[in-house]
1. Explain nothing, just compute: Karplus ³J(HN,Hα) = 6.51 cos²θ - 1.76 cosθ + 1.60, θ = phi - 60°, for every residue of the stretch 241-251 in order, whole Hz, x for Gly and Pro.
2. Of the accessible area of the chain, with the probe set at 1.4 angstrom, what percent is carbon plus sulfur?
3. So which chymotrypsin sites (Phe, Trp or Tyr not before Pro) in the stretch 95-170 are both in a DSSP loop and have at most 12 other Cβ atoms within 10 Å of their Cβ?
4. Name the residues whose placed amide hydrogens come within less than 5 Å of the amide hydrogen of H99, ignoring near sequence neighbours (fewer than 5 apart) on the same chain.
5. At 222 nm, what helix-only mean residue ellipticity would the chain give, in deg cm²/dmol to the nearest 500, using -39500 (n - 2.57) for each DSSP H run of four or more?
6. Set the Förster distance to 41 Å, then compute FRET efficiency between R238 and A144 from the Cβ-Cβ distance, nearest 0.05.
7. What fraction of the DSSP beta bridges in the chain is antiparallel, stated in percent and rounded to the nearest 5?
8. Please work out the Cα center distance from the stretch 39-104 to the stretch 246-312, rounded to the nearest Å.
Amino acid sequence: MTQAPSRTLATQLAALQNQISTVIKGKPAQIADSLACLIAGGHLLIEDLPGVGKTTLAHALAISLGLKFSRLQFTADLLPSDLLGVSVYERDKNGFVFHPGPVFAQVLLADEINRAGPKTQSALLEAMEEHQVSVEGVTHPLPAPFFVIATQNPSEQLGTFPLPESQLDRFLMCISLGYPDAAAERELLMGGDSREQLKALQPVMTPADLIEVQAAVKAIHAAPPLLDYLQALIAATRSGQWFVEGLSPRAGLAVLRAARARALLQGRDYVSPDDLQAILPQTIAHRLQPRAGAGRGAREQVRAMIEATPLP
C-alpha cells in the first residue's frame, strides 16, 4: 500500500509554487513543469527568446529551495575547463590543486547553451548523467541535489550550434515560457524590477527537504493498467506513423519519472493517465523528429499521437 503525500510535504510544495509565481507572472503550468522536472531528479531545457524570464525562473527556484546557484554564459569560445574547473600547480603545496568550475553548484544555469561549441556542450554529459566530472583522470563528485537548467535560443538565430541527440536526451523536460498575457504583463510593468523581487524571496524548503521529496516521487504508485497505457504510447512513437525514430527505454523511464512527479505535485500517491498526457509533450518532443510530410512540429505531433492512442 502506498501512502498519500504528507500534509506537510503538500503544503511545502504549494508554498514553493506560490512563491515562484510572485516573480514569474502568469505561467503556472510552466512553473509546475519546472518543479516536476526538479523533484523527478531530471534536468530542464528552456527553449525561448531572450528576455522572457528564463534566468529569473532559475534564480527563483534556487533561492526558494536554499540551493547554491551558479550561472555560466555559454559562448562560442567557452572551453570545457571554464565549466568544469582546472588543476593549477601551487608552489607552496608542491603540487597541482584542483580549482572547481561553475558546474560545482546545486543549481547550474547554463545560459544560451547552444551558443557554445559541441566540445563544451559534451562536457556537461557526465555531470548530468553521473553527477560527477572527470578532470585530468580524477573524478570529482558534484553536490547533491544537482539540477541543470539550460536555456536555448531559437536555432534560426545567428551563432547557435544544434544540441546533439545525446545532449538532448539528458534533459528530462523541454519547455517554453512564451510571452506573458496582457494581465500578467501589466502586473510586470507595474511591479518593478524582477531583480528586486528576487532579493525579497526567502527559502520555503531546504536542500534536505528537496532530497526527501525526490525520494517520495519514487514511491508514487504506477498501476499495471497505467503501465499498459505508457507502453502503448511508447509503441506508437516507434510505429513509424508519427516519428522517424521512437523512444528509447531510457526515455520511457524518464516519462514515468515525470508523471510520478506531477502526481505528487497534484497531491496524489498514484499516477493517472492525465499525468502521462499532461507531461508527455514536454518530456518527449525534444527527443523525437516528426516523419516527413507530417506538417506539424514535434509537440503538435505528440499531442496528435496522444489523441489517436486509446486507453487500453
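1. Here the 3J(HN,Hα) series is 6, 10, 9, 5, 9, x, 6, 7, x, 5, 5 Hz.
2. Working: 8150 of 15050 Å².
About 54 percent, which is the carbon plus sulfur part of the accessible surface.
3. Working: sites: F96, F98, F104, F146, F147; in loops: F104, F146.
Loop-located and lightly packed - none at all.
4. V86, S87, V88
5. Details: 14 runs with 142 residues, N = 312.
Per the formula, -13500 deg cm²/dmol.
6. Plugging the Cβ-Cβ distance into 1/(1 + (r/R0)^6) gives 0.75.
7. Numbers: 11 of 28 bridges.
Taking every DSSP beta bridge within the chain, about 40 percent pair in antiparallel fashion.
8. 29
The values are calculated or read from the model by the stated rules, or taken from the named source; none is laboratory data. As the structure is a prediction and not an experimental result, all values here were calculated from the model. Cβ sites come from the backbone with ideal geometry, for glycine too, and all protein chains shown count toward neighbours. For the accessible areas, the whole protein counts, side chains as well, though only heavy atoms, and no ligand, DNA or RNA atoms are used. Shrake-Rupley method; radii C 1.70, N 1.55, O 1.52, S 1.80 Å.
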